[in-house]
1. Please work out the FRET efficiency for the pair Trp152 and Phe545, using the Cβ-Cβ distance as r and a Förster radius of 25 Å; give the result to the nearest 0.05.
2. Check which residues have an amide H placed less than 5 Å from Leu238's amide H, if you skip close sequence neighbours.
3. Return the Rg/Rh ratio of the chain with Cα-based radii and a Kirkwood Rh.
4. Tell me, what HN-Hα J-couplings in whole Hz come from the Karplus equation 6.51 cos²θ - 1.76 cosθ + 1.60 at θ = phi - 60° for each residue of the range 195-206, using x for Gly and Pro?
5. Put a dot 7 Å past each Cα toward the Cβ at Asp659 and Asp474; how far apart are the dots in nm?
6. State to the nearest 20 debye the size of the charge dipole of the range 409-519 about its Cα centre, where the only charges are +1 on K and R beta carbons and -1 on D and E beta carbons.
7. Could you tell me the ratio Rg/Rh of the range 175-312? Both radii from Cα atoms, Rh via Kirkwood.
8. Quick one: Karplus J couplings for the range 636-646, per residue in order, coefficients 6.51, -1.76, 1.60, θ = phi - 60°, nearest Hz, x for Gly and Pro?
Amino acid sequence: MQNALIEATDEYMNKMLDSKNNNKRTSKGTISLIIDAAKERNGIPANVKVSFETVRSRAAIKIKKSGEVQNGQHHISKHGHQSPMNEIEPYLVGLIQQLAKMRVPISVSEGLMLANSLIAGTETMAKVNNWRETNCIPFQINKKPELGKSYWKGFMKRNAQLVTAKKGVKFESKRADWCTYQSFLSMYKEVYKEMVAGGVARQNPSKQWYSKEGLVVEEQEAFGLASEYELIRPDRLLFVDEVGSNTSQTKDGNVGGEKFLCIAGGRPQIRASTKDAHFTVLGFTAANGQPIMCAIIFAAKALEDEWVLGLDPFAAWEGEDENIHGNSGKGKRYPQGPVCDVEGKQLPTYCCVSENGSITAELLVGMLKHMDDSGIFPRNNGPPPFLILDGHGSRFDILFLEYINNPVHNWTVCIGVPYGTSYWQVGDSSEQNGCFKMNITKAKRKLLTLKADHRQELTINKVDIVGLVNTAWDNSFANIATNKKAIYERGWYPLNYNVLLHPEIQLTQPQQNINAPTETATLPPDELNLQTGFAGTIVGRINEFCKREDVRNGIDREAQARKRKETADSHIEGHKKRITAGLLASAQTFALGPNILAATLERKRISDIVISTKETKRQQEFNTLRGKVLTLKEQNKTKEQMSVPELKLMVRWYKRSGDLPVPQTRQALITRFDDTNHRGDQQPPFPLHAPPIAVVVVTAPPPVAIPSPSTTATADPPFRDEV
């Protein structure tokens, strides 16, 4: 039956095309004869019905597709009356794609303007208008020479596989400078080498193709690019990133574009908590997809015990009043944070605080120490853990660098390309970051609904945070399948350079042939308007971009990369600049090893010397001024008896921060002296370099003072107005 349908469709399509080319109608009954013949050839009984409409619609679809883009190239249908603009469209497509590559795309209206500008004042424009005179009814009525919306709609339809229209996204200039093919290639090469040196990967003699599961396969079954590197200890390769959140629901969006029902003409209004309490969640994940540890940073000056325990007043109390342990854990009265099972060891959530709820070097060290103290990464049984981080400033703090480079508990830590974390960082993926935000939004909404049902205050407090995180954890950071997806799509397991295949990164590849669509053009470019009007502006913009790219990615690209590396190396070795992710990436160095620690310590030593010199100079200047003032005071001179230099001396002594400069004339000096001599003597200068403020990091073990059920909210509390 299926074969008969295919044969009938193909034969009817050919009949329709022949009739169209000859400007004739298909003979009546043709489709019936074709179906009967196909049924007979395939041994189908005559009483079996084949729908005429099925054959007719399938043939129409095939004819439609025959005039669209095929195999990634602009294909012009040979059927019907063809507009002269079809010869221009390959150039138009090429210009649009080139502008997209430059990250200066044009809007839809500008695209139509460009199409009109390309033919303005050329013979092609006359041909187009002559064709429209015969084939375009709107043109016959209004005689408007410019191409309109109907043409643009057809252009987008004919080139749907090459050009599309979407909402624009902002792409900051620094990100554009860093998110290039060469930057990511350099990152992969250097980090993969560090993995081999760190013992979590090995380098094979030749390149191999890998599947998503990390198995060696043939090229046609592979995911990503061929690689000579193979990850052998995915359990020791870790990823983490910060996800900021808040108890306030004012900035929560809808989950997956969900819609709510409401009265016709109205808006669905959802109750929301506005109590503001910022917190940050970090989910440490291994390359095998296993969650390793959850960390929560509360925005506060000190950690409260009740925040670590959490409180779910709607969970029933189990057992005796003293049964605290039996009522602690997910889904219970004291939910606490997520607990991760790593090699049979239970790793509880690490809770800590910072004043604004963001990560610091002290907190990051505390998290690594929490894992080390648990014994999940024994250094005498396997390589040290390998951690990939973004370029946040806390990663270059001396405290953090000293901890990870300590032989007793060493970590191998690498950073990635700055300003490009959305491409390579696992924690920035929709599978982790996006899913967590969606699930915690749903958890907050559900919690507020429960509080409303039980007539509790409609606020979300810090004591609710660990329970919310626990709820959202399972469908985000604890989902092993989606974790694996985020990891292999970013080229970390298998080690397959996969980000290099991202369409946006491919556009920045050196000698990328972005103008391939113009190769199918049949019209010479000198018959187009490429010098004046909007088209001239666009072509000039593209030419300038290509010149800059030729300089950066031309034949001397490797020499320029070497020069940038040498400059960055000199800054690091000469301690001329602060260590940052950008400086290290320019030096093609991504590992935060002993050399980076040494460079940071040396820069601090030099900085301390400079500060100490300034402090000493300031102290000497104060002592000199004080000595002169004491000598002058011993003479008991009045202001009238003082000379101008002596008045200046006294005015300087009483001068304070914010005062105007010392006057130069005698009368002005006397006036200033009268206005300021009541202030008293200057105080010795305070040290410019204050000692660092100690930060106390509080971890997550359950506190001793746990409230009893009698002092805890019950599942059926009294009305708010009765309290």
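Please treat every number below as a calculation from the coordinates, not as lab data. Quick caveat, the model's predicted, so the values are computed rather than measured. Neighbour counts run over all protein chains shown; Cβ positions are idealised from the backbone, glycine included.
1. Working: r = 25 Å, r/R0 = 1.00.
With a Förster radius of 25 Å, E is 0.50.
2. Phe386, Leu387, Ile388
3. When Rh is taken as the Kirkwood radius, the ratio is 1.10.
4. My calculation for the range 195-206 gives 5, 5, 5, x, x, 9, 9, 9, 9, 7, x, 9 Hz in order.
5. Between Asp474 and Asp659, the simple spin-label model gives 7.0 nm.
6. Result for the range 409-519 is approximately 540 debye, rounded to the nearest 20.
7. Working: Rg = 22.8 Å, Rh = 20.1 Å.
Here the Rg-to-Rh quotient is 1.13.
8. 6, 7, 7, 5, 5, 7, 6, 7, 4, x, 5
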